[in-house]
Amino acid sequence: GRGRAGWGGGGVDSEDPSVSKKQRRREKNRASAQQSRQRKKCHLDELENRVEHLEGERRALQVRLETLMSQNDVLRRQLDKQKQVVTPVKPGSNSQAANSQDDKT
């Protein structure tokens with residue numbers, strides 16, 4: 001502990017080791033703090049790189065989503081046109097559409 005540093009023999013020589021212990025502790029603490037800062041910086045760099053990568057991936061997925069949604073709209077419109085050609089919509093003529101479905105199965 002803290003109170004024991006100068007309790008060796010009471011002379012000047014007993015004080016020198018405590019000063020060097022304090023100095024060694026400071027240097028060790030300083031080195032440990034520097035290592036901690038370096039680890040933190042590396043971790044932050046890794047996180048920043050990951051963010052860049054994920055943002056790029058998100059942008060690419062957003063473009064893909066927009067492309068697929070556009071294609072989906074085109075296909076839906078084509079399907080609607082095909083349905084109108086195959087079975088024209090007439091009020092009250094649902095039985096004809098049902099019969100054509102029964103023929104397919």
Ignoring ligands and nucleic acids, what accessible area does Glu55 show with a 1.4 Å probe (Å², nearest 10)? 90
Förster radius 41 Å - calculated FRET efficiency between Lys90 and Arg59 (Cβ-Cβ, nearest 0.05): 0.30
Probe 1.4 Å, all protein chains present, accessible-area order of Asp45, Asp73, largest first: Asp73, Asp45
Full-stretch length increase - Asn29, Thr67 - with 0.36 nm per residue and alpha-carbon distance subtracted: 8.0 nm
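The values are calculated or read from the model by the stated rules, or taken from the named source; none is laboratory data. Being a predicted model, the structure only gives us computed values, none of them experimental. For neighbour counting, all protein chains shown are included, and Cβ atoms are generated from backbone atoms with ideal geometry for every residue, glycine included. These area figures cover heavy atoms from the full protein model, side chains too; ligands, DNA and RNA do not enter into them. Shrake-Rupley method; radii C 1.70, N 1.55, O 1.52, S 1.80 Å.
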